[in-house]
1. With r as the distance between the Cβ atoms of LYS33 and ARG57 and R0 = 22 Å, compute the FRET efficiency 1/(1 + (r/R0)^6) and round to 0.05.
2. So what does the Cα-only Debye profile of the range 203-332 read at q = 0.11, 0.12, 0.16, 0.20 Å⁻¹, as log10 I(q)/I(0), no solvent term?
3. Using the beta-carbon distance between ALA210 and ASP92 and R0 = 25 Å, what value does 1/(1 + (r/R0)^6) give for FRET efficiency, to the nearest 0.05?
4. Where does each of TRP302, TRP74 land when they are ranked from fewest to most other beta-carbon atoms within 10 angstrom?
5. Provide the gained length on full extension for the span TYR324 to THR126, in nm with one decimal, where the gain is 0.36 nm per separating residue minus the Cα-Cα distance.
6. How big is the equivalent ellipsoid of the chain along its three axes, where each semi-axis is √(5λ) from the Cα gyration tensor, reported in whole Å from largest to smallest?
7. Say the dipole of the chain comes from +1 at the beta carbon of Lys and Arg and -1 at that of Asp and Glu; which of GLN276, GLY238, LEU94 then lies farthest toward its positive end?
8. How much length, in nm to one decimal, is gained on full extension between GLN311 and ASP65, taken as 0.36 nm per residue of separation minus their Cα-Cα distance?
Amino acid sequence: MRALVIGGTMFIGRQLVQSLVKAGHETFILHRKTEHDFGKKVGNLTADRNDAASLKRALAGEKFDYVFDNAYDWQRGTTASHVEATVRACGDNLKRYVFMSSVAAYGDGLNHHEGDALAPDDHPDTYVRNKATSERLLFRMHQRHGIPVVTLRPPYIYGPGNPFYREAFFWDRMRDGRPLIIPGDGRRLMQFAFVKDVVWACMKALDEPAAVGHAFNIANSRPLTQVEVVQALAQAAGRKPPLVRIPRERILQAGGHPLNSPLYFGVYFDMPAITQVVSKAQRVLRFRATTFDEGLKETYRWYQRNRTRQQLDYTFEDRLLARYQVAATVAS
């Protein structure tokens, strides 16, 4: 079978390409570069997935059984119209079109099932809006034209090769003997999916007939508080860093940012909670999540092998900690 991975050189896509090749599929990636480092076993197609004409040229004459749409343009956004152009450019030979969505597509709220309403078309957050409208578009194409769509909605994805400054944010500070800032009371919920579990779900979607036309929540079943997350990260590293609770509003007033520098809790890790129920994936796909502790152990081993020591600027954190150090507690 011929498989195409859109966005196949980083994190999820990279591990997915490796799984497809191992399974014996003739595998191609589509990205903006003219070459990749997978070797001759993996074909290379060059296009900007946000440019319909570019896609059409790159895919002219190509036929794929499986397409995995993993790419999202964080600078410009990838809209439903971009996704539609991609589907149409892939031709009429598809057996699966697997779209990487997100728990963010729900917009907000806790304990979401796949049948819950997604965020509205006018949601103020661009990423949320694009994921929700793209899913609606894909399921309309499934209903009207029989496109064999499967969508996956993971929450925070972690694991070896994570390009976002998340796990490494905390481990860098532990390595440097730093206390860790906990925003507010640390009870805000977070839910995770191990990257290898997400790739497993992608592969399972290929041969499970009941998956077609459905969305699946893919995650560890139990959300964790921010304090529990930090404690698990510390346990994986064999450390017990001091934790300093600082009111979230004070952090933000001082200039702290949840996405850009100066970070105070990893990239986009301090956001209002959105959680999900994974019973459908367990029932239909027979999904079984890697425990968070086991996933972190593997991720930390990768971190130790690949993370180079660098001089980090802790000026912002030092300014906060100087005022709130008296509130420090030790993780246990």
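1. Taking R0 as 22 Å, the efficiency between ARG57 and LYS33 is 0.90.
2. -0.57, -0.67, -1.02, -1.30
3. Using R0 = 25 Å, I get an efficiency of 0.65.
4. Taking fewest neighbouring Cβ atoms as first place, the list is TRP74, TRP302.
5. 67.8 nm
6. With the √(5λ) rule applied to the chain, the semi-axes are 36, 21, 19 Å.
7. With unit charges placed on the Cβ atoms, the residue in question is GLY238.
8. 83.9 nm
Every number in this text was worked out from the coordinates using simple rules, so none of it is lab data. Please read these numbers as outputs of a predicted model, since none were measured by experiment. All Cβ positions, even for glycine, are placed from backbone atoms using ideal geometry, and neighbour counts span all protein chains on display.
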